[in-house]
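Enquirer: Pasting in a structure now, in structure tokens, and then I'll have a few things to ask.
The values are calculated or read from the model by the stated rules, or taken from the named source; none is laboratory data. Here the structure is a predicted model, which is why all the values come from computation and not from measurement. Heads up, the Cβs are rebuilt from the backbone with ideal geometry, glycines too, and the neighbour counts pull from every protein chain shown.
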Amino acid sequence: MTNKQFAIVGGGIGGLTLGIALQRKGFNVTIFEAAPTLKPLGAGLTLAGNAVKALIEIGIADQVLQTGKVLEALLIKDEKGNILTQTNAEALSRKFGIINSFSIHRGDLQAILLRELTPGTLITGKRLLDFNQTSSGITLSFEDGTSVSTDYLIACDGIHSPVRKKLIPQAKTRYSGYTCWRAVIDELPSSINASETSETWGKGSRFDIVPLAHNKLYWFACVNAAQNDPALRSYKIPDLLTYFGNYHRPVSDILKKTQSEQLIWSDIIDLKPIKKFAFGKIVLAGDAAHATTPNMGQGACMAIEDAVVLTNCIEEYSTAEEAFQKFEEKRITRTTKIVNDSWVIGKVAQLENSLLMALRNTAIRLTPPSVSEKQVKFLVDVSLS
Ligand SMILES: Cc1cc2nc3c(=O)[nH]c(=O)nc-3n(C[C@H](O)[C@H](O)[C@H](O)COP(=O)(O)OP(=O)(O)OC[C@H]3O[C@@H](n4cnc5c(N)ncnc54)[C@H](O)[C@@H]3O)c2cc1C
């Protein structure tokens, strides 16, 4: 299929990684991105061993790992700061032979991916409005009035994917019941252990602290709320200081070091798992296929896995239609499980009934380390072939 043209719609983490993976196997790729330019926006990300495994296979793991920060421990605390559980990520990395948890600024990851693409691959300012699939190929129509013919279309156009909406109009995004603020600050408070990431579970709210490279820190905070609440949308740092006033230090120190203009706000939504990714010459990947809540830190990881599995399928099978079908078969069970598990973890983390919270906290304290080890094993055991 090296004589065929693959169009990827969407230049997010999924589309860019897939573009690199396909190019490195000799396929012709063009990425069409709606944004006029790709700015290094966003906050932080944690990537797990499954993403590292996929990045190694593509050949870009060193660049990504050098720019990120390896995290040695993951802690869950109650709002007073008592540790409910602690996962020794370093020991798990040694056990599974792969770095298991690292953080990176989204903008830094994007910059690496852009550098690794062949110049000219990404065309920005191209918002796809419609497409038409025939027996000979696909025509893509863009908002700027232009159209392009391609052999195959890979939709990496995110959770609100216009491609998916046309192919599966009945697919639905779901509001999780909690809204989220996040930011990156340039200075790690001295009370924070730079090699640990922690998540504090309060009453219907939580606060995550993720150290980044170069002494930066990424945090995100979730609170139970009605969807699209205009009051919460306009929250500033003083509002968050009040909301998280009963949380242990250094939560207030981190908020005080954040400017209100740095806040990124969004309601947390996912895509109710769909049963089909492949549609003839078109396939869905990344968030377009299986957007998840951020509770397991797996959305971008799965998009990176997709890039490798899809490229390997395209290399192995003689037609893209067959390759896309095999990709769907290989990916749907795993991605559905992660989306559903993450949904449940979010419900547990966001509990607001005091009795249920106390039961949950006791259960977490009593959970043996073998449980988190099992989850890590499931993630790193991903089959990429
Ligand atoms: C608060 C939060 C925290 C998260 N933390 C983590 C984490 O720690 N670890 C992790 O692995 N994941 C995390 N995720 C998930 C992760 O951000 C996503 O899963 C990942 O970015 C998906 O990548 P994607 O390329 O599939 O989609 P996107 O990043 O959404 O990219 C889609 C691209 O398509 C473009 N596009 C859309 N429509 C069109 C169109 N019509 N024409 C052309 N282009 C179009 C968009 O402009 C965009 O660039 C988090 C998500 C949230 C909300």
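Enquirer: Let me confirm something: among ILE76, ILE31, which residue is of a type outside the set (Lys, Arg), within 16 Å of the ligand (Cβ to nearest atom) and either within 20 Å of SER161 (Cβ to Cβ) or at pLDDT below 95 (or both)?
Expert: ILE31
Enquirer: Right, something else. Considering only segment 254-266, state which residues are touching a Phe, Trp or Tyr at 6+ places or on another chain (Cβ under 8 Å) and more than 9 Å from the ligand (Cβ to nearest atom). Step through it out loud before you land on a result.
Expert: Going residue by residue through segment 254-266, those that are touching a Phe, Trp or Tyr at 6+ places or on another chain (Cβ under 8 Å) are 254-255, 258, 263-265.
Hits for segment 254-266 are ILE254, LEU255, THR258, LEU263, TRP265.
Enquirer: Scan segment 131-144 for residues that are farther than 20 Å from ARG164 by Cβ and within 14 Å of the ligand (Cβ to nearest atom) and jot them down.
Expert: Of everything in segment 131-144, just one residue is farther than 20 Å from ARG164 by Cβ and within 14 Å of the ligand (Cβ to nearest atom), namely ASP144.
Enquirer: Report yes if GLU187 is surrounded by fewer than 16 Cβ atoms within 10 Å (Cβ to Cβ), closer than 30 Å to GLU90 by Cβ, in contact with a strand residue (DSSP E or B) (Cβ under 9 Å, 6 or more places away or on another chain) and in contact (Cβ under 8 Å) with a residue 40 or more places away in the chain, otherwise no.
Expert: In short, yes.
Enquirer: Kindly indicate whether GLN227 is under 20 Å from THR292 (Cβ atoms) and more than 15 Å from the ligand (Cβ to nearest atom).
Expert: Details: under 20 Å from THR292 (Cβ atoms): yes; more than 15 Å from the ligand (Cβ to nearest atom): no.
So GLN227 does not fit the description; no.
Enquirer: Given the criteria touching a residue at least 60 places away in the same chain (Cβ under 8 Å) and farther than 21 Å from SER342 by Cβ, does TYR178 qualify? Steps first, answer last, please.
Expert: Numbers: touching a residue at least 60 places away in the same chain (Cβ under 8 Å): yes; farther than 21 Å from SER342 by Cβ: no.
Taking the combined requirement at face value, the residue does not satisfy it.
Enquirer: Here is a follow-up. Checking VAL344 against (1) assigned to a helix (DSSP H, G or I); (2) under 27 Å from GLY202 (Cα atoms); (3) in contact with a helix residue (DSSP H, G or I) (Cβ under 9 Å, 6 or more places away or on another chain); (4) touching a residue at least 12 places away in the same chain (Cβ under 8 Å): exactly one of these is not met. Which one?
Expert: (4)
Enquirer: One residue is enough: does segment 99-108 have a residue meeting the conditions of a type in the set (A, V, I, L, M, F, W, C), under 15 Å from ALA194 (Cα atoms) and assigned to a helix (DSSP H, G or I)?
Expert: Taking segment 99-108 as the starting set, the residues that turn out to be of a type in the set (A, V, I, L, M, F, W, C) are 99, 102, 104.
Now drop any that are not under 15 Å from ALA194 (Cα atoms), which leaves 102, 104.
Now narrow it down to the ones that are assigned to a helix (DSSP H, G or I): none.
The answer is no, given that none of the residues of segment 99-108 is of a type in the set (A, V, I, L, M, F, W, C), under 15 Å from ALA194 (Cα atoms) and assigned to a helix (DSSP H, G or I).
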